[in-house]
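Peer 1: Handing you a structure now.
The values are calculated or read from the model by the stated rules, or taken from the named source; none is laboratory data. The shown structure was predicted, so the numbers you read here are calculated from the model rather than taken from an experiment. Every residue, glycine among them, receives a Cβ derived from its backbone with ideal geometry; neighbour counts consider all protein chains shown.
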């Protein structure tokens, strides 16, 4: 291992590694070329971690890939230069580029589950590049991979490589992918949203592992994310991108303390949205001792869940993936009749199965989904999407229906000009607004919001949350708000239900749940939410190690 | 360049269907144009056969096997009927029957396929196994067998081939519908309380239509060839109705004399098959989201 690093010469910190000048990239869509990256300069020194943040569509990923000299199919680099270690990656031959990829530049994708080949063992995929580039023999590469697994704090590093990708968790797979990228000790690694798909509690471990290993090998990295708090932990320097242009660039600490541009400031302000809680008395939905399971009752996904939802208030259901949040929504809507227990709605027993509920009852409970892309039929225009519940529940037709659609559009801060648009002609935030309007069209008592802001950019998230709050004030509708994001909970909830492995761990008013003392799981969950403090991760790991609350975090600090 | 792109928030005038179609046509490659022109001319011939054809469909005009002349551009057949007239009427019969057959099998297979995808469970299992049984028997032999049992009339041909061919539509519509039924908007419709036909025809069908239309074109070729083959074997469309398959058979002996007459209906079959395939290829390419790497 040592000889390998020596062969390339010592990795001097501070020498320029990547230099991008005046980069323009175009993408092909709708039979036209559009400029995605519009003249961006980027400098990266050896051993430095550069954070690139921006909304979706800002050109972050395109820029990240361009740093490898790669343009996705349907994209082309039109202008500019990309120097990597003194060579212009645009001008070198394809063969030369391929020699650099994997061995000196590596890439870690957002979804490790999609990036691994499910038919091969993890270790075979980890060592593939090192062997393929002729850097080492299979034996040494495998030995090295096992030591990397150890450094990345994967459990049982000697044997985990023998497993197939589906046999390990998402967070472990993401770390295995980092090991894969590290196998050739590259000079540069591009991390493209590596923790976005993970739960907060898992995210902490992956972040700590990535940060350590990058530092140990003195690797330069470009860390692409939309999450400010994450980038604050990882990067030495931050670049803010918008519409393919650079907005601001500064060292992490000064950027966090004194952002200069308005756009950057607005990004920073988003997380401060908070709503004073209001207690409710009259209950609209009472869930009592509900058990639910998929299939023939093998594993209980909901275990003795009891929740009370007050009328006109917001109850936030918080938990990691697999905690049973979404199953709870399915039990309420009747898609998954509970095995045991009862649900009362408006004081009356709710028929368990969807088919046994009448139209009036269906109208009163509406749902908004996480991803507006899949929640809107791509072949129905806005008029049909919002108009259908009006017609179906209230019998509005023709001009009356159109007038009502216009009314609803104004309610969600859009207007009649959008009625003829198809979903793909709307932005993500607009699509989610249409989904909200569709739910409101039914004039419901209760709206179940399943992660409605998770797929959106931060600024758009804030707008949607504000809209939901305003609608609640005006219309008195009740929300059951399912989310994994604590910042969202602060912004919208009156009461909080914390779920873990199908059980309710804690429930109560927002102020109670969010202030200590917490039950152990709530504590873990709350402390894992990244904060906008560059020292947050370090402090957290130290604290966890000293309280010995979390064994993997303890190990993390010991090994580093 | 980016200024021209549709930005979120900016309101664009609704693109009408006609304008969309025009835009699509402008980008069509030469092969697709060729295919479309051939199909349209076949369609015109078929629709206006009595107006275009110089003589009656089964009118005997003179001696058998006359060579081409000014009176009979393509000569006469084995009974002395005008070959050109027979070809034009043949378009009407063969294409007409094939089209009705495909429409029938499309609606049958498509409906059952989407139903299977929606309900899964035993319905899916039962339908799936029946389709397996049907598909395990070679289609032409199965059709021949059924036709010899029930007798060969145009109606019987249509029904039998439609039934046998609907298995293909069933399979493809089931598999594409499977990808759509899991979408949230279908669940949203279900939660709204919509009935099955709304979910089938308003939520699912519009989203799988491009694939099915492409399949429609391909199946049309196959059905058309099957009918021609059946006619050639004598169990298809019965004389005196003009039909390309039987025309090939009836005049087949001429081949030994070096005459091109039997090749004409065969060529007509081949040309239409190629044309439909060209159009389908282009359509599939457009709708599958495949992109030319540029």
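Peer 1: Within the group A:157, A:194, A:186, which residue is without any contact (Cβ under 8 Å) to a residue 12 or more places away in the chain and outside any helix (DSSP H, G or I)?
Peer 2: A:157
Peer 1: Same structure again: May I ask you to list the residues in the range A:382-394 that are within 9 Å of chain B (Cβ to nearest Cβ) and surrounded by 19 or more Cβ atoms within 10 Å (Cβ to Cβ)?
Peer 2: Across the range A:382-394, the qualifying residues are A:385, A:388, A:389, A:392, A:393.
Peer 1: In addition: Just to be sure before I move on: is residue A:318 touching a helix residue (DSSP H, G or I) at 6+ places or on another chain (Cβ under 7 Å) and crowded, with 16+ Cβ neighbours inside 10 Å in the structure I sent?
Peer 2: yes
Peer 1: Could you figure out which of (1) away from chain A (no Cβ under 14 Å); (2) on the phi > 0 side of the Ramachandran plot; (3) surrounded by 18 or more Cβ atoms within 10 Å (Cβ to Cβ) isn't true of residue B:172?
Peer 2: (2)
Peer 1: May I pose another question? Can you name the residue in the range B:16-36 that is in contact with a helix residue (DSSP H, G or I) (Cβ under 8 Å, 6 or more places away or on another chain) and either facing another protein chain (nearest Cβ under 9 Å) or at pLDDT 80 or above (or both) and, of all such residues, is surrounded by the fewest Cβ atoms within 10 Å (Cβ to Cβ)?
Peer 2: Within the range B:16-36, the match that is surrounded by the fewest Cβ atoms within 10 Å (Cβ to Cβ) is B:29.
Peer 1: Take residue A:449 and decide whether it is within 9 Å of chain B (Cβ to nearest Cβ), in contact with a strand residue (DSSP E or B) (Cβ under 9 Å, 6 or more places away or on another chain) and closer than 26 Å to residue A:320 by Cβ.
Peer 2: For residue A:449, the condition - within 9 Å of chain B (Cβ to nearest Cβ), in contact with a strand residue (DSSP E or B) (Cβ under 9 Å, 6 or more places away or on another chain) and closer than 26 Å to residue A:320 by Cβ - is not met.
Peer 1: If I ask for residues that are touching a helix residue (DSSP H, G or I) at 6+ places or on another chain (Cβ under 6 Å) and part of a loop (DSSP other than H, G, I, E, B), which ones from the range B:37-53 would you list?
Peer 2: Passing the criteria: only B:53.
Peer 1: So which of B:134, B:106, B:119 is within 25 Å of residue B:196 (Cα to Cα) and surrounded by fewer than 18 Cβ atoms within 10 Å (Cβ to Cβ)?
Peer 2: Unique residue meeting the criteria: B:119.
Peer 1: Same structure again: Residues in the range A:359-368: is at least one part of a helix (DSSP H, G or I), over 31 Å from the mean Cα position of the chain (by Cα), more than 12 Å from chain B (Cβ to nearest Cβ) and surrounded by fewer than 22 Cβ atoms within 10 Å (Cβ to Cβ)?
Peer 2: No: zero hits.
Peer 1: I need the full set of residues from the range A:25-35 which are out of contact with any helix residue (DSSP H, G or I) (no Cβ under 9 Å at 6 or more places or on another chain) and assigned to a loop (DSSP other than H, G, I, E, B), in order please.
Peer 2: A:30
Peer 1: Going through A:374, A:397 one at a time, which residue ends up being more than 8 Å from chain B (Cβ to nearest Cβ) and either more than 24 Å from residue A:335 (Cα to Cα) or surrounded by 17 or more Cβ atoms within 10 Å (Cβ to Cβ) (or both)?
Peer 2: Exactly one residue qualifies, and that residue is A:397.
Peer 1: Residues being closer than 13 Å to residue A:301 by Cα and within 11 Å of chain B (Cβ to nearest Cβ): count how many of those fall in the range A:320-334.
Peer 2: 2
Peer 1: What's the number of the condition residue B:240 fails, among (1) buried (at least 23 other Cβ atoms within 10 Å of the Cβ); (2) more than 23 Å from the chain's Cα centre (by Cα); (3) away from every other protein chain (no Cβ under 14 Å)?
Peer 2: Single failed check for residue B:240: (1).
Peer 1: Taking the range B:193-234 on its own, how many of its residues are within 11 Å of another protein chain (Cβ to nearest Cβ) and touching a helix residue (DSSP H, G or I) at 6+ places or on another chain (Cβ under 6 Å)?
Peer 2: Adding up the residues that qualify gives 7.
Peer 1: Moving on to the next point. Identify, please: which residue in the range A:344-358 is outside any helix (DSSP H, G or I) and within 11 Å of chain B (Cβ to nearest Cβ) and is, among those, surrounded by the fewest Cβ atoms within 10 Å (Cβ to Cβ)?
Peer 2: If we take residues in the range A:344-358 being outside any helix (DSSP H, G or I) and within 11 Å of chain B (Cβ to nearest Cβ), then A:358 is surrounded by the fewest Cβ atoms within 10 Å (Cβ to Cβ).
Peer 1: Among the residues of the range A:36-47, is any more than 10 Å from every other protein chain (Cβ to nearest Cβ), touching a strand residue (DSSP E or B) at 6+ places or on another chain (Cβ under 9 Å), outside any strand (DSSP E or B) and in contact (Cβ under 8 Å) with a residue 24 or more places away in the chain?
Peer 2: Taking every residue of the range A:36-47 in turn, at least one turns out to be more than 10 Å from every other protein chain (Cβ to nearest Cβ), touching a strand residue (DSSP E or B) at 6+ places or on another chain (Cβ under 9 Å), outside any strand (DSSP E or B) and in contact (Cβ under 8 Å) with a residue 24 or more places away in the chain.
Peer 1: I've got another one for you. Given the criterion in contact (Cβ under 8 Å) with a residue 12 or more places away in the chain and more than 27 Å from the chain's Cα centre (by Cα), identify the matching residue among A:346, A:377.
Peer 2: So the residue among A:346, A:377 that is in contact (Cβ under 8 Å) with a residue 12 or more places away in the chain and more than 27 Å from the chain's Cα centre (by Cα) is A:346.
Peer 1: A further question on this structure: Suppose we filter the range A:440-463 for residues that are part of a helix (DSSP H, G or I) and either surrounded by fewer than 20 Cβ atoms within 10 Å (Cβ to Cβ) or at pLDDT below 90 (or both); how many remain?
Peer 2: Result for the range A:440-463: 6.
Peer 1: Residues of the range B:37-62 being loosely packed, with under 15 Cβ neighbours inside 10 Å and out of contact with any strand residue (DSSP E or B) (no Cβ under 7 Å at 6 or more places or on another chain), which ones?
Peer 2: B:37, B:40, B:41, B:43, B:44, B:47, B:48, B:50, B:51, B:56
Peer 1: Looking at A:235, A:221, A:209, A:197, can you tell me which residue is at pLDDT 85 or above, over 23 Å from residue A:41 (Cβ atoms) and in contact with a helix residue (DSSP H, G or I) (Cβ under 9 Å, 6 or more places away or on another chain)?
Peer 2: A:209
Peer 1: Of all residues in the range A:78-112 being on the phi > 0 side of the Ramachandran plot and not in a strand (DSSP E or B), which is surrounded by the fewest Cβ atoms within 10 Å (Cβ to Cβ)?
Peer 2: Applying the filter and picking the extreme gives A:86.
Peer 1: Out of all the residues in the range B:98-116, is one or more within 14 Å of another protein chain (Cβ to nearest Cβ) and either over 18 Å from the mean Cα position of the chain (by Cα) or assigned to a loop (DSSP other than H, G, I, E, B) (or both)?
Peer 2: No, because not a single residue in the range B:98-116 is within 14 Å of another protein chain (Cβ to nearest Cβ) and either over 18 Å from the mean Cα position of the chain (by Cα) or assigned to a loop (DSSP other than H, G, I, E, B) (or both).
Peer 1: Could I ask something else about it? Sort out which residues of the range A:67-77 are assigned to a loop (DSSP other than H, G, I, E, B) and either within 18 Å of residue A:38 (Cα to Cα) or in contact with a helix residue (DSSP H, G or I) (Cβ under 8 Å, 6 or more places away or on another chain) (or both), and write them in order of number.
Peer 2: Once the filter is applied, which keeps residues that are assigned to a loop (DSSP other than H, G, I, E, B) and either within 18 Å of residue A:38 (Cα to Cα) or in contact with a helix residue (DSSP H, G or I) (Cβ under 8 Å, 6 or more places away or on another chain) (or both), the range A:67-77 yields A:67, A:68, A:69, A:70, A:71, A:72, A:74.
Peer 1: Just to be sure before I move on: is residue A:476 at positive phi and buried (at least 20 other Cβ atoms within 10 Å of the Cβ) in the structure I sent?
Peer 2: The answer is no for residue A:476.
Peer 1: Working only within the range A:503-525, note down all residues that are in a helix (DSSP H, G or I) and surrounded by 18 or more Cβ atoms within 10 Å (Cβ to Cβ).
Peer 2: Within the range A:503-525, A:510, A:513, A:521, A:522, A:524, A:525 qualify.
Peer 1: I've got another one for you. For residues that are away from chain B (no Cβ under 11 Å), surrounded by 18 or more Cβ atoms within 10 Å (Cβ to Cβ) and free of Cβ contacts under 8 Å to residues at least 40 places away in the same chain, tally how many sit in the range A:407-431.
Peer 2: Of the residues in the range A:407-431, 2 are away from chain B (no Cβ under 11 Å), surrounded by 18 or more Cβ atoms within 10 Å (Cβ to Cβ) and free of Cβ contacts under 8 Å to residues at least 40 places away in the same chain.
Peer 1: Follow-up. Being away from chain A (no Cβ under 14 Å) and more than 20 Å from the chain's Cα centre (by Cα) is true for just one of B:132, B:184, B:165. Which residue is that?
Peer 2: Going through B:132, B:184, B:165 in turn, the sole match is B:132.
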